[in-house]
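What follows is calculated from the coordinates using simple rules that are stated; it is not laboratory data. Everything quoted here is computed from the prediction, not taken from an experiment. Note that each Cβ is placed from the backbone with ideal geometry, even for glycine, and that neighbours are counted across all protein chains shown.
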Amino acid sequence: MLIKRRTFLQTGSLATASLLVPKFMKAFEPQQGLVPPGNKTLVVIQFSGGNDGLNTVVPITNDLYFSNRPRIHIPATQAHKLTTDAGLHPALTIAKELYDNGELAIMNSVGYPNPDRSHFRSMDIWHSASESNEYFTTGWLGRYLDEQCKNCTTPTQALEVDDVLSLVLKGEQNKGLALRDPKGLYGVSSGNYFKSLHHAHVHEEETVDYLYKTMSETISSAEYIYRQSQLHPSAAQYPSTKTGKSLKTIASLILSDINTRVYYVSLGSFDTHVNQENQQTKLFTELNDALSVFVKDLKQNRRFNDVMIMTFSEFGRRVKQNASNGTDHGTANNMFFISGGLKKKGILNPLPDLQDLNAGDLKHQVDFKTVYATMLRKWLNADDAAILKKKFQVHDFI
Amino acid sequence: MSNRKRNQHLLWRSGFGPGMQQIQSLDQIHSVDLWKGILQNAGGEPKKIVVAENRLQNLFEGIEGEDAMRQFQKENKAAIAEQVKLMRQSSREDLKKLNHLWLDEMVHSPAQLREKVSFFWHGHFACRVFSAHQQQELLHVIRTHALGNFGELLRAVSKSPAMLAFLNNQQNRKKSPNENFAREVMELFTLGRGHYTEWDVKEAARAFTGWSYDSRSGFVFKQQTHDDGVKKFMGRTGRFTGDDIINILLEQKQTARFITEKIFRFFVHENADPKITAILADEFFKSGYEMKVLLHSIFSSDWFYDNRYMGNRIKSPVEFMAGIRRFVPIQLDNPNSSLVFQQVLGQVLFLPPNVAGWPGGKSWIDSSSLMVRLQLPRIWASKEDFRLQMKGDDDVDMGRSPEEMQAARRAKNFITRAGAADWNWEPVWKNYEDVSRERLYEEIAAHLLQTKSAPGKQVVEPFVDKSSREHYISSTIVQLMSTPEYQVC
């Protein structure tokens, strides 16, 4: 038989919870005050599925590019010209604008030795910052939390705008928080029950205590984030796409006094084995429209110099197109860095060499872990060697 | 500690938790006798779970000899390609079926021990291939040997097309060795990191050259790609084959230690007690790797019931969901809902994160996964709308057109009402018939929770429906399953 929820689960609503926050919940609220000016924030945008880097930053004068891609190349006339040799995908108008303003840096041929062509495994490697023959169960930004957050009172230092938390934000001791809509999932229908449980819980067993701690932190953080996001709700008109909504949430939080240093959002799927052009254009359009508003929003509120937007994908795609007007899994790829606070701008290193391939795939010139090291050391002011378990050389674009 | 709690401990660790029909007997029976029964129930051959046929095998039926085979393949290229395509196309759906059917076994099979130990091996021999047929065959190998001899299991798994494909041994040839397979056999299946050298990996890889499979007959040894030269491996010298390498690995006591410690961490506690595992490993090694010997030593010991080992193991998502369904018979409206929750909670059967399997323990818990776990019983019980967006899996979606992919995503991304399930409460109510209303709460809590302390009646009751005895029982069960305490066993 079936029992309707309302007939037997007597749960209260959290609608008034912010007015009646129980004392024990207050304990979890951060004691830190306003974010000091100049406090840096990192926004990672993940292109899931393996974005085709060659049709993102197009080598418009390279014959090999055109001959390998007779049907899916981007004509030089359609690309937004950056340099004599490089152009941007037509849908990325904001990137062209940022480039012209000196607010975009592009790193080519980023990858790692012995690349893995499985989405899952390669993403695993990018998330955990391992070598391709190592298996870490924590992510690089999760380990950043471990380093940074020894005395943190809330797990709000890193937020993923999503329903499911990615490996990248899972540390040994600390984990980021995943939530798509601050108003969303948590607490809405069952918050009072969980709070009552927590209130009555007697600390006794380590494992159960850990679960209680995670539960109460999650609920109080979700409420805290929701209230923060309401303090200075962004007035800008964001598109109603998933990315638009995510970036709006992020903007509202960046403009609040929350202690979040890292935001994480994904866009996909870029797995364009078939009819690549439509799919990539559609995704880039969604990104472009949302990013345009986001950048303008940050600029108007004078935060653009303190925010770094970084894009990556788990791999690039094969140089040669396949028979279905798509491309198959490849290796090295480009990364974008967008900020008002870049030291070096434009195209940071040479375009990929299409002559010197490894079984049809680009050879990586830059290890992605050196980019992480740069972000950690120079942007987030963290101990990159401890977090990456190794000292990597850093770049000078920050 | 009550006798019942001990018995529930045994049922949670050696299986997927107490079933509703068992609950009554757990006060009386001694754990030694309960264990005997568990062992007895797990005897016998498992019934193979079949979801996919080998279409090529059907096509090649009746063709004798290599020449005839070559001739046939030459003349029937299109037909063969067609069958391969059909298999690939149905694989996604077939894998889902395999997932559901195996989960059903975990819930309903009387051979709880076999399914639980198979579930352990499923993580130990982690394999991410997208051929449902290969996965189905590997699962059968595992379920057949789960309680048998580890050496035989290791050999059979190593020769399964699924594992050979996953670890790239097809590419391991005399002229260009691929070390992946050899490395993982040592690092993950037998010795563990730090107990072999890079030299050993190289030489073992040479010995495994020629281990291959074809779609017709499964494992084949290809003499022409095998390197039959002399190898030096773990201090021994000879013209070793892959079988020799596996024998040498089994002769290493470290293999017994590695497996024992992993079994201990999975079935008993995250932190292996070195004194206990040393004794267990010794016995296991002396027995020639008989799994029943090892399991018996664990589950019939006194230390297994030590306070430090009770109520503190975080259930994996699959164990959590199977456990709920064993306690209350549930009919899921949409079988995909189980798959969706597996994905959201981080454990999809047949899709381990990587060769190392699921790390387990606290790694199951983060803010979002915990909140979903805490709400899942209510979602199932109340047909509550539940909107949750999935992360796609591009490995699984590979090769679909953007349109196909979008349609599929639309269908699966948002679980609205897909979480719903019909709970068959009648047998549950009947079970509590003789319990007075005053004692009901304590009784139910004792059945569901393995922790030392449990949320008190005064805490939970305000959130329980008291309108009738039946509603009281049902909503108490659902609310107690929605606690942090229920996440551990």
Q: Per residue of region B:196-207, in order, report the coupling 6.51 cos²θ - 1.76 cosθ + 1.60 (Karplus, θ = phi - 60°) as ³J(HN,Hα) in whole Hz, putting x for Gly and Pro.
A: 8, 10, 4, 4, 4, 4, 4, 6, 5, 4, 4, 5
Q) What is the mean number of Cβ atoms from other protein chains located within 10 Å of the Cβ atom of each residue in peptide A:161-169, rounded to a whole number? A) 4
Q.
Quick query: amide H of A:A178 versus all other amide H atoms, modeled in the peptide plane; which residues come in under 5 Å with a sequence gap of 5 or more or a different chain?
A. A:E160, B:S367, B:S368
Q) Which whole number gives the average, over all residues in A:193-204, of C-beta atoms from other chains lying within 10 Å of the residue C-beta? A) 5
Q. Other chains near B:483-489: what is the mean number of their Cβ atoms within 10 Å of each residue's Cβ?
A. 6
(Q) Going Cα to Cα from A:K81, which lysines come in below 16 Å? Please leave out same-chain ones fewer than 8 positions away. (A) A:K96, A:K345
Q. Taking the Cα atoms of region A:28-388, what is the range of coordinates along each of the three principal axes, in descending order and whole Å?
A. 70, 45, 36
Q. Sorted from fewest to most neighbouring beta carbons within 10 Å, what does the list B:R469, A:R69 look like?
A. B:R469, A:R69
Q) If we count other beta carbons within 10 Å of each Cβ, what is the order of B:K85, B:K231, B:K457, fewest first? A) B:K85, B:K457, B:K231
Q) Using a ≥ b ≥ c from the Cα gyration tensor of region B:40-104 (square roots of the eigenvalues), is it rounded, prolate or oblate, where a/c under 1.5 gives rounded and otherwise the larger of a/b and b/c decides, a/b for prolate? A) oblate
Q. If you average 1/r over every pair of different alpha-carbon atoms in the protein assembly as shown and take one over that average, what Kirkwood value in Å do you get?
A. 29.3
(Q) Checking the a/c ratio against 1.5 first, then a/b against b/c, what shape does the Cα gyration tensor give for region A:251-398? (A) oblate
Q: Could you list which residues have their amide H under 5 Å from that of B:V220, counting only those 5 or more apart in sequence or on another chain, with H placed in the peptide plane?
A: B:S212, B:Y213, B:D214
Q) Considering only DSSP beta bridges with both partners in the protein assembly as shown, what is the antiparallel share in %, to the nearest 5? A) 55
Q: Might you report the magnitude of the Cβ-based charge dipole of the protein assembly as shown about its Cα centre, with Lys and Arg at +1 and Asp and Glu at -1, to the nearest 20 debye?
A: 860
Q) Going by a ≥ b ≥ c, the root eigenvalues of the Cα gyration tensor, does region B:426-487 fall in the rounded group (a/c under 1.5), the prolate group (a/b larger than b/c) or the oblate group? A) prolate
Q) Could you state the principal axis extents of the C-alpha atoms in chain B, from the largest down, to the nearest angstrom? A) 77, 58, 40
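State to the nearest 20 debye the size of the charge dipole of chain A about its Cα centre, where the only charges are +1 on K and R beta carbons and -1 on D and E beta carbons.
Here chain A has a charge dipole of around 860 debye.
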Q) Once Lys and Arg get +1 and Asp and Glu get -1 on their Cβ, which of B:M186, A:V161, A:N301 lies farthest toward the positive end of the dipole of the protein assembly as shown? A) A:N301
(Q) Distance between the C-alpha centers of region B:226-268 and region B:10-70? Whole Å please. (A) 27
Q) Gain in length, B:E438 to B:R469, computed as 0.36 nm per residue apart minus the alpha-carbon separation, to one decimal in nm? A) 10.1 nm
Q) Tell me, what HN-Hα J-couplings in whole Hz come from the Karplus equation 6.51 cos²θ - 1.76 cosθ + 1.60 at θ = phi - 60° for each residue of region A:343-351, using x for Gly and Pro? A) 8, 10, 10, x, 8, 7, 8, x, 4
Q. What list of ³J(HN,Hα) values in whole Hz, one per residue of region A:255-271 in order, does the Karplus curve 6.51 cos²θ - 1.76 cosθ + 1.60 (θ = phi - 60°) give from phi, with Gly and Pro shown as x?
A. 7, 8, 9, 6, 8, 5, 9, 10, 10, 9, 9, 10, 9, x, 9, 8, 7
Q) Exposure proxy check: B:V50, A:V262, B:V32 ranked by fewest other beta carbons within 10 Å? A) B:V32, B:V50, A:V262
(Q) Check which residues have an amide H placed less than 5 Å from A:M308's amide H, if you skip close sequence neighbours. (A) A:T41, A:L42, A:V43
Q: Can you tell me the order of B:283-290, A:126-133, B:336-343 when each peptide is scored by its average per-residue count of other Cβ atoms within 10 angstrom, highest first?
A: B:336-343, A:126-133, B:283-290
